[in-house]
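Engineer: Take a look at this one; I'll ask things after.
Please treat every number below as a calculation from the coordinates, not as lab data. The structure presented is a predicted model; accordingly, all values stated were derived computationally and were not measured. Cβ placement follows ideal geometry from the backbone for every residue including glycine, while neighbour counts extend to all protein chains displayed.
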């Protein structure tokens with residue numbers, strides 16, 4: 001692709017796949033198993049960070065001891081609980097997600113996925129979307145040094161597309177996506193489909209906010225200049 005061409009860099013959970021609350025409940029189950037008593041809303045406010053940063057912050061807030069063994073048990077417990085929900089058909093593409101990706105591909109607009117999740121959980125979402133990582137660049141937490149709100153995921157995704165990050169659009173549902181976009185020097189586009197409000201996303205740096213992928217597709221000319 002031309003480095004002057006606009007590229008779309010997508011978050012995954014809550015942006016393309018309706019999976020945020022499934023992740024919240026999976027983390028709740030895992031945390032409960034470790035005796036970490038946290039309200040669901042507190043967990044939701046951290047979704048979008050890497051699992052490691054997420055658990056470090058929650059354990060620090062509760063005053064519980066942070067050990068590598070405990071963190072690994074929490075990660076494994078969350079992945080197992082999320083896999084059960086995915087197997088039961090609870091994880092589905094958001095309205096318009098497949099159509100939006102097809103539109104970009106049909107019009108020669110490059111796109112990639114960058115998620116704070118590891119491949120063990122992202123694989124369920126990619127399967128639901130029908131995205132093949134062998135054909136579309138997919139950057140997961142396993143592949144970068146730092147996850148959101150650091151910019152590494154989106155910077156790496158832009159590199160995989162041979163795209164100038166300064167011309168990329170970061171599409172995400174959480175303030176962590178918008179903060180990462182700002183740090184990467186990319187424009188952030190927020191979606192309300194993950195549970196954050198329009199004002200929160202705009203204050204974090206989103207220059208446009210839409211309801212979900214279907215709404216973004218309806219307004220695609222507002223974010224992509226095409227002749």
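Engineer: Could you compute the FRET efficiency for residue 34 and residue 145, with r as their C-beta to C-beta distance and R0 at 22 Å, rounded to 0.05?
Structural biologist: Efficiency computed from Cβ-Cβ geometry: 0.25.
Engineer: Continuing with this model, one more query. How high is the relative contact order of region 50-155, in percent, counting Cα pairs under 8 Å that sit 6 or more residues apart? List each step's numbers first, then the result.
Structural biologist: On the way: 86 pairs, mean separation 27.2, N = 106.
Here the relative contact order equals 26 percent.
Engineer: Sticking with this one: Restricting to bridges with both residues inside the chain, how much of the DSSP beta-bridge set is antiparallel, in percent to the nearest 5?
Structural biologist: The answer is about 10 percent antiparallel.
Engineer: Which angle from 0 to 90°, rounded to the nearest 10, does the C-alpha axis of helix 175-184 make with the longest principal axis of the chain?
Structural biologist: That works out to roughly 50 degrees.
Engineer: Further question: Compute the length gained on full extension between residue 64 and residue 88: take 0.36 nm times their separation in residues and subtract their Cα-Cα distance, giving the result in nm to one decimal.
Structural biologist: The span from residue 64 to residue 88 would gain 5.4 nm if fully extended.
Engineer: Going highest first, how would you order 22-34, 100-112, 54-66 by mean Cβ packing within 10 Å?
Structural biologist: So the order, starting with the most tightly packed, is 22-34, 100-112, 54-66.
Engineer: Using helices alone, what [θ] at 222 nm do you get for the chain, with -39,500 (n - 2.57) per DSSP H run of 4 or more residues, divided over all residues and rounded to the nearest 500?
Structural biologist: -13500 deg cm²/dmol
Engineer: Right, another one. Listed highest first by mean packing, meaning other Cβ atoms within 10 Å per residue, what order do 132-144, 116-128 come in?
Structural biologist: Order by mean packing, descending: 116-128, 132-144.
Engineer: Next up: What FRET efficiency, computed as 1/(1 + (r/R0)^6) with R0 = 25 Å and r the Cβ-Cβ distance, is obtained for residue 159 and residue 41, rounded to the nearest 0.05? Walk me through the numbers before you get to the answer.
Structural biologist: Values: r = 36 Å, r/R0 = 1.44.
Given R0 = 25 Å and the Cβ-Cβ separation, E is 0.10.
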